[in-house]
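Here's the structure we're looking at; comments come further down.
The values are calculated or read from the model by the stated rules, or taken from the named source; none is laboratory data. Since we're looking at a predicted model, the values are computed, not measured. Glycine also receives a Cβ, built like all others from the backbone with ideal geometry; neighbour counts cover every protein chain displayed.
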Amino acid sequence: MLAVLVVLALIGGLLKIIGGVLYGSRSLLVDALTSFANIAALLFTIYYYKLSIMPPDADHPFGHYRLGIAGKITVMISYSFVAGVALAELLTTTTYTVSLYSVYFAILGFIVYLGVVVIARVIGGIFKTYSAFTVSELIESVVVTLAALGGAIVNYIIDYIGAVILTLYIFYEVRETFSEAVTVISDTAPSNKLIMQINEVIGKYGLKVSRIRLRFLEPGRYHGDIKVNIPRDIDIDKLIETLRSIKRELYEELGVDASIEIEF
Ligand SMILES: [Zn+2]
């Protein structure tokens with residue numbers, strides 16, 4: 001299935017390259033570049049996702065979740081590279097003509113990418129994220145088709161404007177991916193909802209939370225420490241058993257990997 005996805009995406013990219021290089025449309029050329037960045041993003045995201053779900057080991061005692069960020073970093077590198085190439089292309093472009101064949105290739109590219117999105121949805125899981133990514137490829141294809149059409153039958157400037165919009169969009173995507181990565185690596189706190197759920201779990205065992213310090217690792221995974229108030233007269237065996245149960249429940253039900261401190 002994955003191989004089919006990659007081959008289809010490659011075909012889509014090639015159709016756009018051919019349409020852009022042979023038949024003049026600069027917007028289709030820029031779109032083709034983003035298609036290849038998209039394929040690179042797909043492969044790297046899968047590779048690092050696989051690494052990120054490996055169980056903890058001696059060199060990564062907290063697990064490998066954050067290796068997933070390497071996927072985002074490679075996405076940024078691929079798209080930044082493509083943004084630079086597109087910019088260079090746009091800056092060195094002089095008057096040109098767009099053939100109607102560019103439009104046909106743009107439409108073919110759109111159809112192929114529609115197939116890619118459908119397959120990614122069917123596979124599900126991590127590919128759902130990828131299909132969301134690829135939906136923007138579809139929107140780009142629509143913009144390009146219209147721009148190339150305008151460029152072919154009215155004036156090449158319309159096609160050029162399409163290419164400029166697409167290039168700006170690549171920079172926007174780089175910025176978005178950057179802020180996603182920064183959110184993860186900057187030890188962002190979880191939502192208030194999760195904090196409430198943690199309070200509920202601990203309250204159920206008759207203890208009171210006095211401080212929660214958690215950081216986001218990846219969706220559904222948090223790490224940190226929790227301080228709880230215990231009564232002075234608590235039985236030590238009972239306390240150890242209670243803390244063990246709390247730890248297990250937080251981990252299994254809420255994805256929270258926290259050490260628990262106690263105070264009176
Ligand atoms: Zn490791």
- Report yes if some residue within segment 35-50 is loosely packed, with under 15 Cβ neighbours inside 10 Å, in a helix (DSSP H, G or I) and either under 15 Å from the mean Cα position of the chain (by Cα) or not assigned by TED's automatic domain parsing to the domain that holds Lys128 (or both); otherwise report no. yes
- Is there any pair linking a residue in segment 159-174 that is touching a residue at least 12 places away in the same chain (Cβ under 8 Å) to one that is among the hydrophobic types (A, V, I, L, M, F, W, C) and not in a helix (DSSP H, G or I), with Cβ under 7 Å and at least six apart or on different chains, and which? Asp159/Val98
- Answer yes or no: is there a residue in segment 24-47 that is within 22 Å of Ile123 (Cβ to Cβ) and within 16 Å of the ligand (Cβ to nearest atom). yes
- Task: Test Ser102 against the criterion of being assigned to a helix (DSSP H, G or I) and under 21 Å from Ser78 (Cβ atoms), and give yes or no.
- Result: no
- Do the conditions hold for Ala88, that is, is it among the small types (Gly, Ala, Ser) and buried (at least 16 other Cβ atoms within 10 Å of the Cβ)? no
- Message: Could you go through segment 80-103 and let me know if any residue there is within 16 Å of the ligand (Cβ to nearest atom) and not hydrophobic (A, V, I, L, M, F, W, C).
- Response: no
- Item | Test: Leu87 is part of a helix (DSSP H, G or I), outside the structural domain of Leu217 (by TED's automatic domain parsing), touching a helix residue (DSSP H, G or I) at 6+ places or on another chain (Cβ under 8 Å) and without any contact (Cβ under 8 Å) to a residue 24 or more places away in the chain | no
- Only one of (1) within 18 Å of Ser35 (Cα to Cα); (2) surrounded by 15 or more Cβ atoms within 10 Å (Cβ to Cβ); (3) modelled with pLDDT under 90 is not met by Ile170, so which one is it? (3)
- Single residue of Tyr104, Tyr113 found to be closer than 19 Å to Leu14 by Cβ, at pLDDT 90 or above, hydroxyl-bearing (Ser, Thr, Tyr) and over 17 Å from the mean Cα position of the chain (by Cα): Tyr104
- Query: Among (1) crowded, with 16+ Cβ neighbours inside 10 Å; (2) in a helix (DSSP H, G or I), which single condition is Arg244 missing?
  - Reply: (1)
- Query: Just to be sure, is Leu28 assigned to a helix (DSSP H, G or I), of a type in the set (A, V, I, L, M, F, W, C) and exposed (fewer than 15 other Cβ atoms within 10 Å of the Cβ)?
  - Reply: no
- Taking segment 53-78 and keeping residues touching a Leu at 6+ places or on another chain (Cβ under 7 Å) and more than 9 Å from the ligand (Cβ to nearest atom) leaves Tyr65, Arg66
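Here is a yes/no grid of residues against (1) modelled with pLDDT under 90; (2) aromatic (Phe, Trp, Tyr); (3) in a helix (DSSP H, G or I):
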position: Ile202; (1), (2), (3): no, no, yes
position: Ser210; (1), (2), (3): no, no, no
position: Phe216; (1), (2), (3): no, yes, no
position: Tyr222; (1), (2), (3): no, yes, no
position: Lys227; (1), (2), (3): no, no, no
position: Pro231; (1), (2), (3): yes, no, no
position: Ile234; (1), (2), (3): yes, no, no
position: Ile240; (1), (2), (3): no, no, yes
- Task: Say whether the condition of being under 30 Å from Ala70 (Cβ atoms) and within 24 Å of the chain's Cα centre (by Cα) is met by at least one residue in segment 202-215.
- Result: yes
- Candidates Val75, Val98, Val21, Val85 - the one that is within 26 Å of Val142 (Cα to Cα) and at pLDDT 90 or above: Val85
